[in-house]
Amino acid sequence: MKNVILWLFVVSLSSFTAVAPSGNFDFVGKWTGKDDAGVTGGFIFDKEGYITMTKGDDTMGGKDFVIEGNRGSMKYTIDQSAKPIKLDIIMEANGRTKKALLIIKIVDKNTIVVAGDMNSIRPKAITKDNSITLTRQ
């Protein structure tokens, strides 16, 4: 009987600590957090592969937006098989394409940490200086 109780405890404990298996985590939805200056920002991932970035009251991205007088779109790809998980944000506007190369750590089903630098080079690790913690809204 003790073995059964111990087994049930271990199984129930593992369900609280486990994160979705690689490739199955659902990022779709709105994710927000505060930067070092206390400004709220984040991402909205949609099912079609478009992403909108938010910072304070400003938004940029999605399927169709205007930047510097030009129409553009912003998409994302996520490689959950990579360690760490790779997030690429691809902005197309005025016939040009720019990419932001980020990494993601899944903390739990409602919390992720996103890291990136402004130099178009994917970071190798998440640090306090290059990351923001986002929660699902």
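In summary, the lysines within cross-link reach of Lys99, defined as a Cα separation below 27 angstrom excluding same-chain residues under 8 places away, comprise Lys30, Lys34, Lys47, Lys55, Lys63, Lys75, Lys83, Lys86, Lys109, Lys124, Lys128. Put simply, when 84-92, 51-59 are sorted by average Cβ atoms within 10 angstrom per residue, most first, you get 84-92, 51-59. A simple spin-label model places pseudo-atoms 7 Å from Cα toward Cβ; at Lys34 and Arg136 they are separated by 2.3 nm.
Quick note: the coordinates plus some simple rules give every number you see, no bench work behind them. Because the structure is a prediction, the values reported are computed rather than measured. Cβ: placed from backbone, ideal geometry, glycine included. Neighbour counts: every protein chain shown.
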